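Here is the structure we will look at, set down as C-alpha cells.
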C-alpha cells in the first residue's frame with residue numbers, strides 16, 4: 001500500500017504545482033503503479049470508468065456540432081439581454097441554471113453545455129471569464145448532490161441501498177436549497193467589484209439581434225431534435241438500465257449523421273488531453289483501491305468515533321469530503337458503502353433496536369445521507385476533486401484562459417467548507433435533534 005500511496009502523493013504534488021502538464025503526470029503515475037506491481041495492467045484497465053469517458057467524448061462531440069450552428073451565441077445574447085447586461089444578475093442567473101441542470105442531468109454534461117455560453121457572454125461584456133467558470137463548476141457539484149442522478153456517488157449509493165429518486169429528493173434537496181440560498185449572496189458579495197459592465201457594452205448587447213447569430217438554422221433544427229432525445233435518454237436511462245455514457249456516445253453519432261457533419265472534424269475538437277488525464281487518474285486511484293487504502297482509512301475513521309452514532313455520521317460527512325477533494329469520489333464511495341453497511345448492526349445492537357424499519361430510519365439512512373453529502377460536496381475542494389472541475393479547466397485552456405489548480409482551490413475549498421458546515425448542522429438537526 002505504501003508504494004501506491006507514495007506514487008499518488010508525488011503525482012498529486014506535480015499536478016497541484018502545475019510545473020508539468022497534469023495529463024503527462026497522470027499517465028506517468030499510472031505507468032509507475034503498474035511497473036512497480038501495485039496493480040496489474042488488466043486490473044488497471046478495469047478501473048477506468050468507461051461511463052465517464054464515453055460521457056465526456058459523447059457530450060464534447062454534441063457540443064461541437066451545436067457550436068457550428070451558432071446556438072451558443074444566440075443563448076448568450078438572449079441571457080445578457082434578459083439580465084440587461086448586469087454582471088451580478090448574469091452570474092446569479094448562470095449559477096442557478098447550472099445547479100438546476102446538474103440536479104437532473106449530471107455535472108459533466110452541464111458544464112460542457114454551459115461553458116461555451118459563459119465564455120461568450122463574458123467576452124461580450126468584459127466579465128472575468130475564469131472566475132465565472134470556476135463558480136459554475138462549484139455550483140454544478142452542489143446542484144448535482146440534490147438527486148439520485150445528479151452525481152455518480154448518489155447513483156452508487158442508490159443502487160447499493162435501494163434508495164429511490166424520491167428518497168434522495170426528500171433528504172438531500174432541502175439542504176442543497178439552503179446551501180444555494182447562503183452561497184449565492186456570498187458569491188454576489190465576493191464578485192460585486194469584478195462584475196461591473198461598461199455602459200457601451202450593455203448598450204451593444206441590448207441592440208444586438210440574437211437571431212443573426214444562428215448560422216445554420218436547418219442544421220440547428222435537426223441537432224436540437226437529437227439533443228432533446230438525448231436529454232430524455234438521460235432522464236429515463238436509469239429506468240431501462242442504460243448508462244449516461246452510452247446514451248451520450250450514441251446520441252453524438254446520430255447527431256453527426258443527421259446533421260451531415262464530418263466525424264473527423266468533430267472528433268478532432270474533443271479534449272483528448274482531458275480524456276487521457278481521467279484514464280491515468282482512474283488507474284492511479286485504482287491502485288490505491290486495490291491495495292485497500294480507502295478501506296484502511298475508513299476503518300481508522302470508525303475507530304476514532306468509538307461507537308457514537310452522531311459523531312460517526314459527522315465524521316463520515318467530513319472524511320468523505322476531504323478525501324473526495326483529493327481523489328475521485330467513485331472508488332471512495334465504493335469502499336465506504338460496505339463499511340457503513342457493516343457498522344449498522346453494531347449501532348442497532350448498542351441502541352437496542354430490532355425493528356428493521358426503525359434501524360433504517362435511525363441508523364442506516366443518516367449514515368448514507370452523510371456519505372452522499374460529503375462525497376459530492378467534497379468535489380469542490382480542489383481542481384481534481386470532481387470531473388466537472390477538470391473539464392471546465394480544459395475548456396478554459398482551449399479558449400486561451402488559464403485556470404490553475406490554486407485559482408480553483410482558492411474558491412472551491414472555501415465553498416466546500418461552507419457547504420459542509422451547513423450540511424453538518426442539517427444532519428444533526430434532521431436525524432438526531434428532532435428524531436431524538
inquiry  = Taking the condition of being buried (at least 22 other Cβ atoms within 10 Å of the Cβ) and either out of contact with any helix residue (DSSP H, G or I) (no Cβ under 9 Å at 6 or more places or on another chain) or under 18 Å from residue 291 (Cα atoms) (or both), how many residues in the range 1-46 meet it?
reply    = 10
request  = Working only within the range 233-260, note down all residues that are at pLDDT below 85 and surrounded by fewer than 16 Cβ atoms within 10 Å (Cβ to Cβ).
outcome  = 235, 236, 239, 240, 241, 242
inquiry  = Among the listed residues 398, 410, identify the single one that is under 28 Å from residue 111 (Cα atoms), surrounded by fewer than 20 Cβ atoms within 10 Å (Cβ to Cβ), at pLDDT 90 or above and out of contact with any helix residue (DSSP H, G or I) (no Cβ under 8 Å at 6 or more places or on another chain).
reply    = 410
task = Given the conditions (1) out of contact with any helix residue (DSSP H, G or I) (no Cβ under 7 Å at 6 or more places or on another chain); (2) under 24 Å from residue 58 (Cβ atoms), report the number of the one that residue 181 does not fulfil.
result = (2)
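Residue-by-condition table, conditions (1) in contact with a helix residue (DSSP H, G or I) (Cβ under 8 Å, 6 or more places away or on another chain); (2) more than 25 Å from residue 342 (Cβ to Cβ); (3) touching a residue at least 12 places away in the same chain (Cβ under 8 Å):
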{"residue": "372", "(1), (2), (3)": "yes, no, yes"}
{"residue": "375", "(1), (2), (3)": "yes, no, yes"}
{"residue": "382", "(1), (2), (3)": "yes, yes, yes"}
{"residue": "385", "(1), (2), (3)": "yes, yes, yes"}
{"residue": "405", "(1), (2), (3)": "yes, yes, yes"}
{"residue": "415", "(1), (2), (3)": "yes, yes, yes"}
{"residue": "420", "(1), (2), (3)": "yes, no, yes"}
{"residue": "425", "(1), (2), (3)": "no, yes, no"}
{"residue": "432", "(1), (2), (3)": "yes, no, yes"}
message = I'm trying to understand the selection: among the residues of the range 333-348, which are modelled with pLDDT of 80 or more and either surrounded by fewer than 23 Cβ atoms within 10 Å (Cβ to Cβ) or over 21 Å from residue 12 (Cα atoms) (or both)?
response = 336, 337, 339, 340, 341, 343, 344, 345, 347, 348
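If only one of 187, 197 is under 18 Å from residue 115 (Cβ atoms) and surrounded by fewer than 24 Cβ atoms within 10 Å (Cβ to Cβ), which one is it?
Among 187, 197, only 187 is under 18 Å from residue 115 (Cβ atoms) and surrounded by fewer than 24 Cβ atoms within 10 Å (Cβ to Cβ).
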query = Before we move on, is residue 160 closer than 30 Å to residue 341 by Cα and either buried (at least 24 other Cβ atoms within 10 Å of the Cβ) or over 19 Å from the mean Cα position of the chain (by Cα) (or both)?
reply = yes
query = Is there a residue being buried (at least 17 other Cβ atoms within 10 Å of the Cβ), assigned to a loop (DSSP other than H, G, I, E, B) and not assigned by TED's automatic domain parsing to the domain that holds residue 168 anywhere in the range 418-434?
reply = no
key: Any chance residue 183 is outside any loop (DSSP other than H, G, I, E, B), in the same structural domain as residue 104 (by TED's automatic domain parsing), without any contact (Cβ under 8 Å) to a residue 60 or more places away in the chain and closer than 30 Å to residue 163 by Cβ   = no
Selection within the range 64-93 - crowded, with 22+ Cβ neighbours inside 10 Å and within 19 Å of residue 134 (Cβ to Cβ) = 76, 87, 90, 91
query = Restricting the search to the range 284-342, which residues are free of Cβ contacts under 8 Å to residues at least 40 places away in the same chain and on the phi > 0 side of the Ramachandran plot?
reply = 306
ask   = Just to be sure, is residue 316 crowded, with 21+ Cβ neighbours inside 10 Å and touching a helix residue (DSSP H, G or I) at 6+ places or on another chain (Cβ under 8 Å)?
value = yes
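Conditions tested, residue by residue: (1) surrounded by fewer than 20 Cβ atoms within 10 Å (Cβ to Cβ); (2) under 22 Å from residue 26 (Cα atoms).
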position	(1), (2)
328	no, yes
331	no, yes
354	yes, no
374	no, no
377	no, no
380	no, yes
request  = Assess whether residue 300 counts as being assigned to a helix (DSSP H, G or I), touching a helix residue (DSSP H, G or I) at 6+ places or on another chain (Cβ under 8 Å) and under 26 Å from residue 336 (Cβ atoms).
outcome  = no
task = Please find, within the range 261-292, the residue that is modelled with the lowest pLDDT out of those that are outside any helix (DSSP H, G or I) and over 13 Å from residue 390 (Cα atoms).
result = 292
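Specify which of the listed residues (276, 263, 311, 322) is surrounded by fewer than 18 Cβ atoms within 10 Å (Cβ to Cβ) and within 30 Å of residue 216 (Cβ to Cβ).
Numbers: 276 fails: within 30 Å of residue 216 (Cβ to Cβ); 311 fails: within 30 Å of residue 216 (Cβ to Cβ); 322 fails: within 30 Å of residue 216 (Cβ to Cβ).
Matching residue, one of 276, 263, 311, 322: 263.
The values are calculated or read from the model by the stated rules, or taken from the named source; none is laboratory data. Keep in mind the model is a prediction, meaning the values are calculated, not measured. As a convention, Cβ positions derive from the backbone with ideal geometry for all residues, glycine included, and neighbour counts pool all protein chains shown.
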